Amino acid sequence: MIPETLKTELQDRVASAITPREAAVDVMKELQRHYGWLTDEAVTEASRILGLSPLQVEELATFYEMIYRRPVGKQMIHVCDSISCWNMGGESLLERLAAHLGISVGETTRDGMFTLLPCCCLGNCGQAPTMMVGDNLYGELTVEKAVEILKKESSNL
Amino acid sequence: MEQILFRHNKPNRCVTFDEYRAEGGFSALAKALKELSPDQVQQAVIDSGLRGRGGAGFPTGKKWSFLARNVPGPRWLICNSDEMEPGTYKDRTLLEANPYLLLEGIALTSYAIGVSHAFIFIRRGYEQAAANLRRGVAECRQAGLVGENILGSGFSCEIDVHVSAGRYICGEETALMNALEGKRANPRSKPPFPAIKGLWGGPTVVNNVESLSNIPAIISNGAEWFKAFGRIPEAAGTKLFCVSGHVSTCACFELPMGISLGEIIEGPCNGMRPDSRFKACLPGGASTPYFTEEHWNVPMDFDAVAKAGSRLGTGGIVVFDQNTCMVAATLNLVRFYARESCGWCTPCREGLPYVVNLLEEIENGRGSEEYIAILRDHINLLKYAFCALALGAMGPVEGLLKHFQDEVREHIAKGKCPFKK
Ligand SMILES: Cc1cc2nc3c(=O)[nH]c(=O)nc-3n(C[C@H](O)[C@H](O)[C@H](O)COP(=O)(O)O)c2cc1C
Ligand code: SF4
Ligand code: FES
């Protein structure tokens with residue numbers, strides 16, 4: 001169950017859309033914010049609000065990089081592995097961050113704080129290598145710098 | 001140098017709405033609504049020689065002129081701000097410094113093509129740019145520049161900002177329309193082209209951020225003024241070149257269209273890094289065949305770059321020095337495309353992982369001579385894929401075989417990567 005206020009908010013978003021499903025990505029994002037990830041219950045809620053079948057929501061949810069159909073940590077760490085970051089030594093960054101966090105790429109730390117993922121170009125190629133923690137973009141990274149940033153990000157939570 | 005797109009930029013912050021207006025912002029919109037017919041606006045853009053900055057370089061005014069006329073129901077304008085092409089960060093740079101040029105450009109374009117509802121489709125991760133745009137739309141609405149009856153002219157236009165959830169294929173214009181409609185973002189078949197049947201079946205124009213941001217200055221100053229920026233006769237306007245890699249200064253520069261590659265690197269980029277020598281570059285984003293030293297003097301304009309065997313693409317220049325293994329670089333690029341394949345058609349879904357595998361084998365010293373022929377075959381075979389993603393993926397492979405075949409052979413002959421210590 002989601003709170004009435006969130007439900008009303010989402011219904012308003014759908015009502016202002018050209019067609020209900022135009023609001024699908026926004027609705028999935030808001031539900032994900034509420035649950036922490038897009039749970040089965042969230043998929044059902046989304047399908048009711050959007051007037052779609054759960055399968056239709058699933059079809060969308062699994063398409064996007066930023067919609068998570070599995071539990072994730074409080075913060076996502078996205079490390080760019082595209083060409084400019086690769087070129088500037090980013091290749092080892094992901095592996096070494098994984099080692100630092102004591103997890104494999106794709107996993108969540110035991111305290112539930114971070115999930116580590118590789119990702120496509122973050123549009124910060126001039127300051128490669130780059131990562132994004134939550135919505136914050138960081139460039140010109142070394143492993144040491146990245147570790148410092150993670151310390152700061154986890155104390156902000 | 002006089003600039004078009006970065007003209008209002010302030011150091012380290014976004015220009016404000018008041019500053020933009022005080023510096024003449026939105027006067028092009030006011031002028032058009034008062035003095036020009038929609039067709040006159042379109043004609044000015046045709047005359048200016050502006051070509052699309054999203055990658056394909058299609059003439060912008062001409063694209064507008066294809067829009068189906070006299071069909072019932074709404075028509076749409078979409079600004080493509082997906083920008084997920086590796087090596088490309090020009091639209092972000094522009095929107096973080098100044099969202100108003102784009103908003104004015106969208107209003108002008110909507111007026112020219114008879115659109116009353118425009119969308120800005122922006123990628124995930126561009127939160128600052130999206131916030132600037134949302135704030136900008138609200139400010140414009142307050143000032144009567146967006147919404148009902150703009151500046152009392154009787155022309156109305158809404159602008160919506162849609163923030164995506166991340167997927168490279170959403171930048172392909174027909175996939176983008178599916179994404180906006182809330183469908184899985186696989187591309188659609190063309191024809192029908194968006195200009196005839198696009199968003200919700202209505203006639204639709206899709207233009208890039210940089211393309212649309214050029215419109216206000218064209219309307220204010222005229223087509224001839226805009227053309228005069230070009231360094232060579234065919235070139236018009238300026239271009240945002242965003243540079244990354246082994247140069248001293250990596251940044252996004254607004255430079256005259258048609259400036260040579262060498263001038264960009266030796267000029268604003270301040271040359272190569274201290275221990276680096278230029279070996280190659282991607283001239284225009286991840287899908288463009290490599291340029292090498294022999295291309296130093298090629299004018300960076302659509303036709304000139306195409307004539308030299310590559311594409312101007314997005315203007316994202318990625319520079320590699322002498323220590324870069326071009327097989328490994330190509331492998332990184334094709335891996336990106338294989339992962340981002342939307343899975344809709346077999347040549348791309350199955351073919352790209354196969355190409356990745358071939359390149360991996362060569363890079364790891366397990367390749368053989370026949371792999372080169374198989375790679376070459378795939379450059380042709382992937383032309384049969386459903387959309388341009390797969391073709392783009394093979395751009396770097398084509399460049400690799402054309403300019404670095406010796407390096408590929410060295411991997412095969414030595415049974416290892418010559419760059420690995
Ligand atoms: C796989 C793929 C991804 C693309 N991504 C973008 C993009 O992120 N931004 C963009 O403006 N154009 C992108 N394009 C090109 C668009 O399809 C379209 O040509 C462009 O937005 C038209 O705008 P323009 O005429 O102003 O250049 C992409 C094309 C393909 C095939
Ligand atoms: S070429 Fe690739 S991205 Fe394009 S439709 Fe086919 S599978 Fe999808
Ligand atoms: S390639 Fe890493 S941010 Fe663009």
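Derivation of every value follows stated rules applied to the coordinates shown; laboratory data play no part. Only a predicted model underlies this, so the values are computations on that prediction, with no experimental measurement involved. Note that each Cβ is placed from the backbone with ideal geometry, even for glycine, and that neighbours are counted across all protein chains shown.
Things to note:
- Directionally averaged projected area (convex hull, Cα atoms, the stretch A:75-155), nm²: 4.5
- Projecting label points 7 angstrom from Cα along Cα→Cβ for B:GLN142 and B:ARG366 puts them 6.2 nm apart.
- Segment A:ASP111-A:SER16, length gained on full extension (0.36 nm per residue, minus Cα span): 30.2 nm
- Only Lys, Arg (+1) and Asp, Glu (-1) charged, at Cβ; the protein assembly as shown dipole about Cα centre in debye: 400
- Rounded to the nearest 20, the size of the Cβ-charge dipole of the stretch A:4-63 about its Cα centre is 100 debye, with Lys and Arg at +1 and Asp and Glu at -1.
- Highest to lowest packing among B:337-347, A:18-28, A:1-11, scored as the average C-beta count within 10 Å: A:18-28, B:337-347, A:1-11
- For residues of A:115-124, the mean tally of beta carbons on other chains within 10 Å: 6
- Under 5 Å, built H, 5+ apart or other chain: amide partners of B:CYS252: B:VAL243
- Taking other C-beta atoms within 10 angstrom as a stand-in for reagent exposure, B:HIS378, A:HIS78 fall in the order B:HIS378, A:HIS78, fewest first.
- Over 21 Å between alpha carbons, listed pairs B:LYS62/B:LYS197; B:LYS190/B:LYS239; A:LYS152/B:LYS10; B:LYS10/B:LYS90: B:LYS190/B:LYS239; A:LYS152/B:LYS10
- Integer Hz, Karplus 6.51/-1.76/1.60 couplings in order for the stretch B:20-33, x for Gly and Pro: 4, 5, 5, 8, x, x, 6, 6, 5, 5, 4, 4, 5, 5
- Magnitude of the charge dipole for the stretch B:17-227, about its Cα centre and with charges confined to Cβ atoms of Lys, Arg (+1) and Asp, Glu (-1), is about 700 debye.
- In degrees, nearest ten, helix B:38-48 long axis to first principal axis of chain B (Cα): 40
- Sorted by Cβ neighbour density within 10 Å, fewest at the top, the residues B:SER213, B:SER27: B:SER27, B:SER213
- Nearest-ten-degree value, helix B:369-381 long axis tilted from longest Cα axis of chain B: 20
- Under Karplus coefficients 6.51, -1.76 and 1.60, residue-wise ³J(HN,Hα) of the stretch B:393-405 in Hz, glycine/proline x: 4, 7, x, x, 5, 4, x, 4, 6, 7, 9, 10, 4
- Virtual spin-label span in nm between B:LYS421 and A:SER53, 7 Å along Cα→Cβ: 5.9
- Residues of type lysines that B:LYS414 reaches as a straight line, Cα spacing below 26 Å, ignoring anything fewer than 8 places off in the same chain: B:LYS279, B:LYS402
- Folded to 0 to 90 degrees: helix B:127-142 orientation relative to chain B principal axis, Cα: 10
- The modelled label-to-label distance for the pair B:ALA22/B:ALA306, using points 7 Å beyond Cα in the direction of Cβ, is 4.4 nm.
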